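Undergrad: This structure is in structure tokens; I'll ask about it shortly.
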Amino acid sequence: MYSDGMSTSDTSDRLIESTRELLWERGYVGTSPKAILERSGAGQGSMYHHFKGKPDLALAAIRRTAEEMRATAAEVLDGPGAPYERIEAYLRRERDVLRGCPIGRLTMDPEVMASDELRAPVDETLDWLRERLAGIVEEGKEQGRFAPWLDGEEVAATIVATVQGGYVLARASGSPAAFDVGVRGLLALLSPH
């Protein structure tokens, strides 16, 4: 249990982190205020002291998840290496494949998708990812490392679809092998060799 000496920012942070985990595990409907309080160890009044209610807390959690996903992707996409190597690093980076993508899972949550406010960070993150990947493909074309007829936006959408679809196939089969097969197939298609 958390001590009473925790600062209000620690309490707020625990509430956000607990909500992030619960949204990933149970979805919006399954993330009850009671479950959030139990997971965070925060007192009953803490949630309403820091947030207007569950939608406000869920928005903070979704925004943090989106920021984290962008930061993790940017580490490899903006890192060293040729365009193909950076895309390969993104596709092969460490993931909890069987748990799924926390952003991708939100797209399957009817309550999140029905709310313009909750959906916005999800949309913005996927748009950012596609734009960043498209830019890397265009960079590779300019360098003569990718075929000149490739369309950056189409390839970027294919990369995102492969990753998200790979999560679904892995979860369905109970094995990360399905994800890995999809990644290897896409990399073979993109290979400059």
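The values are calculated or read from the model by the stated rules, or taken from the named source; none is laboratory data. Quantities reported herein were computed from a predicted structural model and do not represent experimental measurements. Backbone-built Cβ (ideal geometry, glycine too); neighbour counts: all protein chains shown. With ligands, DNA and RNA removed, areas are computed over all heavy atoms of the protein, side chains included. Shrake-Rupley method; radii C 1.70, N 1.55, O 1.52, S 1.80 Å.
Undergrad: Output the relative contact order of the chain, whole-number percent, from Cα pairs under 8 angstrom with separation of 6+ residues.
TA: It comes to 19 percent, rounded to a whole number.
Undergrad: How big is the Rg/Rh ratio for the stretch 148-190, C-alpha atoms only, Rh by Kirkwood, two decimals?
TA: Computed over Cα atoms, the ratio is 1.06.
Undergrad: On a 0 to 90 degree scale, rounded to 10, what angle separates helix 116-142 from the longest Cα axis of the chain?
TA: 20
Undergrad: Restricting to Cα atoms and excluding each atom paired with itself, what does the Kirkwood estimate give for the stretch 88-134 in Å?
TA: Taking the inverse mean of 1/r over all distinct Cα pairs, the stretch 88-134 comes out at 11.9 Å.
Undergrad: Follow-up. Given Cα positions, please report Rg to Rh for the chain, the hydrodynamic radius being the Kirkwood one.
TA: Result: Rg/Rh = 1.05.
Undergrad: Next up: Please list log₁₀ I(q)/I(0) at q = 0.11, 0.16, 0.18 Å⁻¹ for the stretch 56-140, using the Debye equation with identical point scatterers on the alpha-carbon positions.
TA: Values returned for q = 0.11, 0.16, 0.18 Å⁻¹ are -0.33, -0.66, -0.80.
Undergrad: Mind computing the radius of gyration and Dmax over the alpha-carbon atoms of the stretch 12-110? Å is fine for both.
TA: 16.0, 52
Undergrad: Loop-only check: which chymotrypsin sites (Phe, Trp or Tyr not before Pro) in the stretch 1-94 are DSSP coil with at most 16 other Cβ within 10 angstrom?
TA: Hits after loop and neighbour filter: Tyr2.
Undergrad: Could I get the Rg over Rh figure for the stretch 91-193? Both from C-alpha atoms, Rh via Kirkwood, rounded to two places.
TA: 1.02
Undergrad: Once neighbouring chains are kept in place and the probe is 1.4 Å, which whole percent of the accessible area of the stretch 75-193 is contributed by carbon and sulfur?
TA: C and S atoms contribute 52 percent here.
Undergrad: Taking only protein heavy atoms into account and a 1.4 Å probe, give the accessible area per residue of the chain in Å².
TA: Accessible area per residue: 53 Å².
Undergrad: Tyr48: net charge of surrounding residues, Cβ under 14 Å, Lys/Arg +1, Asp/Glu -1, itself excluded?
TA: +2
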